[in-house]
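Read through the structure below, which is laid out as structure tokens, and then see the notes.
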């Protein structure tokens with residue numbers, strides 16, 4: 001019997017998975033070789049938890065029920081906010097890394113498909129997400145004795161909604177970068193600072209100016225953080241708010257995907273690759 005047998009051909013799905021892993025490993029290598037890039041997943045989360053945790057401790061010193069609620073809103077809000085931040089920044093800067101290093105043309109001439117690239121960057125982003133949010137959870141526990149996991153399994157659907165929103169924002173930013181060049185990179189951070197106050201991360205929507213409230217209610221993040229405050233108040237999961245948040249986040253993701261595909265088509269048709277070579 002011949003001991004030399006032909007190798008089983010690799011399936012298309014397996015090849016796609018290997019390409020996504022290669023992209024994730026590449027970005028992980030860049031992160032490890034540039035220690036200053038760890039700022040987003042180490043120092044920044046720690047600074048945020050110290051800043052908002054200190055505010056929570058100060059507010060809670062009055063001893064009133066409202067103060068105790070506000071204290072919980074601040075700490076829970078900033079921890080969950082980093083789910084959006086880390087997922088969005090990881091994917092947005094993934095594409096920006098290719099433009100900064102003028103590597104975009106190299107990627108375009110490989111067998112790598114766009115969806116595989118996005119999958120690889122998202123995979124790497126999940127690693128950054130776990131590290132960044134983990135730093136915040138441990139910081140909240142060590143400095144302020146706040147046990148995030150005490151909010152229960154109701155956190156799981158909230159985290160899922162915020163993760164989808166973060167991905168949707170990143171796809172939108174990627175589309176703008178493809179269309180307008182690296183000048184649009186400011187949006188990777190700017191959009192988050194706009195979304196933070198409008199989403200009512202630390203307070204109910206009614207605390208916003210009247211003119212801003214309809215805009216806030218149109219955001220899925222607003223309903224997700226409303227559901228989070230229900231957990232902080234020990235009222236259980238607010239499934240009506242979670243349903244609105246889930247539907248809104250999926251609609252947002254679909255719109256962002258359509259926008260990215262349209263910008264990618266324009267990018268190829270008009271030869272915008274010359275901006276990055």
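All of the numbers you see were taken from the coordinates with simple rules; none came from a lab. Bear in mind that the values here come from a model prediction, so they are computed numbers and not experimental data. Counting neighbours? That spans all protein chains shown, and the Cβs are built from the backbone with ideal geometry, glycine included.
Worth a mention:
- When the Cα gyration tensor is reduced to axis lengths a ≥ b ≥ c, the ratio a/c is 1.5 or higher for the range 108-163, and with a/b not above b/c it is classed as oblate.
- Ordering of 164-171, 256-263 by packing [mean C-beta count within 10 Å, highest first]: 164-171, 256-263
- Of 182, 205, 61, the one that fluctuates the most in a GNM where the chain has Cα springs shorter than 10 Å: 61
- Nearest 10 degrees, 0 to 90: helix 186-198 Cα axis against the chain principal axis: 30 degrees
- 17 Å tail of the calculated P(r), the range 135-177, as % of Cα pairs: 53 percent
- Scaled to the globular estimate 2.2 N^0.38 Å, the Cα spread of the range 56-208, given as radius of gyration, is 1.22.
- Cα-based Rg of the range 198-277 normalised by 2.2 N^0.38 Å, two decimals: 1.56
- The convex hull drawn around the Cα atoms of the range 48-123, when projected onto a plane and averaged over every direction, covers 6.5 nm².
- The C-alpha atoms of the chain define a longest principal axis, and helix 114-144 lies at about 30 degrees to it.
- Neighbour-count ranking [beta-carbon atoms within 10 angstrom, fewest first] of 82, 27: 27, 82
- Simple label model, 7 Å out from Cα along Cβ direction - residue 247 to residue 160, nm: 1.7 nm
- Max mean-square fluctuation residue, GNM over the chain, Cα-Cα springs under 10 Å, options 122, 216, 14: 14
- Residues 23, 89, 131, ranked from the fewest to the most other C-beta atoms within 10 Å, line up as 131, 23, 89.
- In the chain, the longest principal axis of the Cα atoms and the axis of helix 12-33 are about 60 degrees apart.
- Highest-fluctuation residue, 86, 241, 213 considered, GNM on the chain with Cα pairs under 10 Å: 213
- Evaluated over the range 203-247, the Cα radius of gyration and Dmax, each in Å: 10.6, 30
- Spin-label model distance (nm) - residue 58 vs residue 193, 7 Å beyond Cα toward Cβ: 2.0 nm
- Whole-Å semi-axes of the chain's equivalent ellipsoid (Cα gyration tensor): 37, 22, 19
- The range 159-206 shape via C-alpha gyration tensor axes, a/c threshold 1.5: oblate
- Calculated P(r) of the range 137-277 - Cα pairs past 26 Å, %: 36 percent
- For the chain, calculated [θ]222 nm from helices alone, where every DSSP H run of n ≥ 4 adds -39500 (n - 2.57): -24500 deg cm²/dmol
- Extension gain, residue 141 to residue 39: 0.36 nm times the residue separation minus the Cα-Cα distance gives 34.7 nm.
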